[in-house]
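What follows is calculated from the coordinates using simple rules that are stated; it is not laboratory data. This is a predicted model, so every value here is computed, not measured. So basically every Cβ, Gly included, is an ideal-geometry build from the backbone, and we count neighbours across all protein chains shown.
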Amino acid sequence: MHTSATDAFIGTADAALRTLFASPRASRPCPTLPDHDSTLDAAERISAGALMRVNHVGEVCAQALYAAQALGTRNPGLRRHFEAAGQEESDHLAWTRQRMDELGARPSLLNPLWYAGAFGLGLLAARLGDAVSLGFVAETEEQVQAHLQSHLALLPAADHASRAIVAQMQDDEARHARDARRAGAITLPAPVRGLMRAAAKLMTRVAYRI
């Protein structure tokens with residue numbers, strides 16, 4: 001089915017509004033560890049809540065990236081690829097928001113800024129061609145895997161609920177990276193990968209507090 005530019009714009013705007021202002025709904029059940037209660041003291045709840053806020057920001061950015069890349073590609077098959085990955089990322093968005101609510105944490109106040117910045121980067125990558133766009137996905141997801149692994153080390157040992165979510169997210173991100181490589185992703189130049197890591201580190205530090 002042909003999608004007009006107007007339809008694409010409306011769909012993209014709707015996705016942004018739902019990501020930033022609607023209550024996210026997951027298509028998969030939230031991961032849990034049966035028979036493992038997460039009993040945390042006040043300091044642990046604050047720490048876990050801040051870490052999950054960072055993860056939630058990452059999922060806000062993922063929604064923006066995949067929406068922009070789906071909008072920017074002229075390949076219908078690749079557009080469906082980005083849309084399917086974005087749907088899985090929406091599960092992560094819902095899970096991290098649910099866990100933040102349970103911990104009494106709030107979303108980042110800068111979520112609209114994070115979304116706008118990620119959307120711009122995703123659209124730029126798409127304009128550089130499908131191989132570059134897929135390379136951007138692969139590198140992003142590989143860096144996210146490392147970030148999530150660090151969070152598994154930082155989360156309170158008793159926070160089994162957050163750990164189950166982060167572990168599932170890590171598995172999904174690894175698969176997204178593999179899928180992007182198989183679809184024709186190029187390896188981005190080292191300076192670009194370094195800039196991506198620096199930007200992610202800055203975002204992580206700010207989102208942990210704001």
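If only residues of the range 13-69 that are among the β-branched types (Val, Ile, Thr) and part of a helix (DSSP H, G or I) are counted, the one that is farthest from Ala105 (Cα to Cα) is Thr19. Residue check: is His81 assigned to a helix (DSSP H, G or I) and farther than 16 Å from Ala16 by Cα? In short, yes. Which of (1) over 30 Å from Ala43 (Cα atoms); (2) among the β-branched types (Val, Ile, Thr); (3) touching a Phe, Trp or Tyr at 6+ places or on another chain (Cβ under 8 Å) is the odd one out, the single condition Thr140 does not satisfy? Unmet condition: (3).
Can you find even one residue in the range 96-104 that is part of a helix (DSSP H, G or I), without any contact (Cβ under 8 Å) to a residue 12 or more places away in the chain, more than 14 Å from the chain's Cα centre (by Cα) and within 17 Å of Ala200 (Cα to Cα)? Full working, then the answer.
Here is the first cut: in the range 96-104, the ones part of a helix (DSSP H, G or I) are 96-103.
Subsequent filtering for residues that are without any contact (Cβ under 8 Å) to a residue 12 or more places away in the chain retains 101.
Filter once more, keeping what is more than 14 Å from the chain's Cα centre (by Cα): 101.
With the extra rule that they be within 17 Å of Ala200 (Cα to Cα), the set shrinks to none.
Checked the range 96-104: no residue is part of a helix (DSSP H, G or I), without any contact (Cβ under 8 Å) to a residue 12 or more places away in the chain, more than 14 Å from the chain's Cα centre (by Cα) and within 17 Å of Ala200 (Cα to Cα).
Within the range 108-137, residues that are over 22 Å from Pro189 (Cβ atoms) reach partners that are polar (S, T, N, Q) and part of a helix (DSSP H, G or I) with beta carbons closer than 7 Å, at six or more positions or on different chains, in the pairs Tyr115/Thr19.
Residue by residue, here is whether (1) in contact with a Phe, Trp or Tyr (Cβ under 8 Å, 6 or more places away or on another chain); (2) aliphatic (A, V, I, L, M); (3) in a loop (DSSP other than H, G, I, E, B) holds:
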{"site": "Leu93", "(1), (2), (3)": "no, yes, no"}
{"site": "Arg106", "(1), (2), (3)": "no, no, yes"}
{"site": "Gly117", "(1), (2), (3)": "no, no, no"}
{"site": "Ile165", "(1), (2), (3)": "yes, yes, no"}
{"site": "Arg181", "(1), (2), (3)": "no, no, no"}
